[in-house]
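J.: Encoded as structure tokens, here's the structure I'll be asking about.
The values are calculated or read from the model by the stated rules, or taken from the named source; none is laboratory data. As the structure is a computational prediction, the values presented were derived from the model and not from experiment. Every residue, glycine as well, gets a Cβ built from its backbone with ideal geometry; the counts of neighbours run over all protein chains shown.
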Amino acid sequence: MQVTYCAAVPLLLLDLDNTLIDRTGAFRAWAGRFLAEAGAPEYDVDWLLDVDADGMTDRWDVAEAIRDRYNLRVSIVDLVDELFEGLIENTRFDPMVGAALRIAEDAGWVPVIVTNGAVRTQEAKIRRTGLDRFVADWVISEEVDCRKPNPRIFEIAAERARLRLRGAWMIGDSPEADIGGAAGLGLPSVWIRRGREWSERRFAPTKAVNGVIQAVAAVMSLSHSVR
Ligand SMILES: [Mg+2]
């Protein structure tokens, strides 16, 4: 039997929000404290989560909606700042996720974050949590002026790591941005379910799992058969 080894170093592309870090948990933690201070009912947290839409709503619009709902005498600028600080302060990086990234690195993978968002926010999350010590690099959409699922952002990630996209895997929670992005490039991917069912018909992840640690394990075990 002839065994051929793949000498290329593989890229492990990872989404940030609700993949490497629990963004929803951080926002929820901030929202709980904010509502208590504003004297608003606890159940309003669902309203806040709706308005935030996993960070997809413009921060200025979120601030304005909050100010209007609670009749706050605060400037929108200050409220945007409060949203920023509140989110960063409550962002945690699970050491077990760090351990999974180390195992992947030891197995020859090069982890690079590919995230849609603002440079200020995403960099603060990566650096202040210590996540920067566990990845080779990161690409933030605002900085490169293109967003996932645009193939260009994944190509930039590969360029930064000085690696080819061939053999790369993508891990993320967004069907469109992460899994669609990988599919557009013909790359295999692992989708983080977050309690959802896969419903997109145009493409599908190679595997669906419940969390990023399982996702990294899946990449390491499946990559041999896919490559
Ligand atoms: Mg995400």
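J.: For region 2-15, check the following and say yes or no: at least one residue is of a type in the set (S, T, N, Q) and farther than 30 Å from V209 by Cα. Spell out how you get there, then give the answer.
T.: Taking region 2-15 first, the residues of a type in the set (S, T, N, Q) are 2, 4.
Next, from what is left, pick out any that are farther than 30 Å from V209 by Cα: 2.
Yes: region 2-15 contains one or more residues that are of a type in the set (S, T, N, Q) and farther than 30 Å from V209 by Cα.
J.: Check off (1) at pLDDT below 95; (2) within 16 Å of the ligand (Cβ to nearest atom) for T19 and give me the number that stays unchecked.
T.: For T19, the exception is condition (1).
J.: Which of the numbered conditions does W138 fail, given that it passes all the others? Conditions: (1) assigned to a helix (DSSP H, G or I); (2) touching a helix residue (DSSP H, G or I) at 6+ places or on another chain (Cβ under 7 Å); (3) not aliphatic (A, V, I, L, M).
T.: Going through the list (1) assigned to a helix (DSSP H, G or I); (2) touching a helix residue (DSSP H, G or I) at 6+ places or on another chain (Cβ under 7 Å); (3) not aliphatic (A, V, I, L, M), W138 breaks only (1).
J.: If you check R152, R102, which single one turns out to be in a helix (DSSP H, G or I), in contact with a Cys (Cβ under 6 Å, 6 or more places away or on another chain) and modelled with pLDDT of 95 or more? Working first, answer last.
T.: Details: R102 fails: in contact with a Cys (Cβ under 6 Å, 6 or more places away or on another chain).
Being in a helix (DSSP H, G or I), in contact with a Cys (Cβ under 6 Å, 6 or more places away or on another chain) and modelled with pLDDT of 95 or more holds for just one of R152, R102, which is R152.
J.: Can you run down the residue pairs with Cβ atoms below 6 Å, 6 or more apart or on separate chains, where the first is in region 201-212 and not assigned by TED's automatic domain parsing to the domain that holds M170 and the partner is surrounded by fewer than 14 Cβ atoms within 10 Å (Cβ to Cβ)?
T.: none
J.: Residues of region 165-200 being assigned to a loop (DSSP other than H, G, I, E, B) and within 16 Å of the ligand (Cβ to nearest atom), which ones?
T.: Step one: list which residues in region 165-200 are assigned to a loop (DSSP other than H, G, I, E, B), which gives 165-168, 173-174, 185-188, 193-200.
D173, S174, R193, R194, G195, R196, W198, E200 - these are the residues of region 165-200 that are assigned to a loop (DSSP other than H, G, I, E, B) and within 16 Å of the ligand (Cβ to nearest atom).
J.: When residues of region 16-51 are filtered for being of a type in the set (D, E, K, R) and under 18 Å from R92 (Cβ atoms), how many remain?
T.: First pass over region 16-51, keeping only residues of a type in the set (D, E, K, R): 17, 22-23, 28, 33, 37, 42, 44, 46, 50.
When the remaining residues are screened for being under 18 Å from R92 (Cβ atoms), the result is 17, 22-23, 28, 33.
Final tally of qualifying residues: 5.
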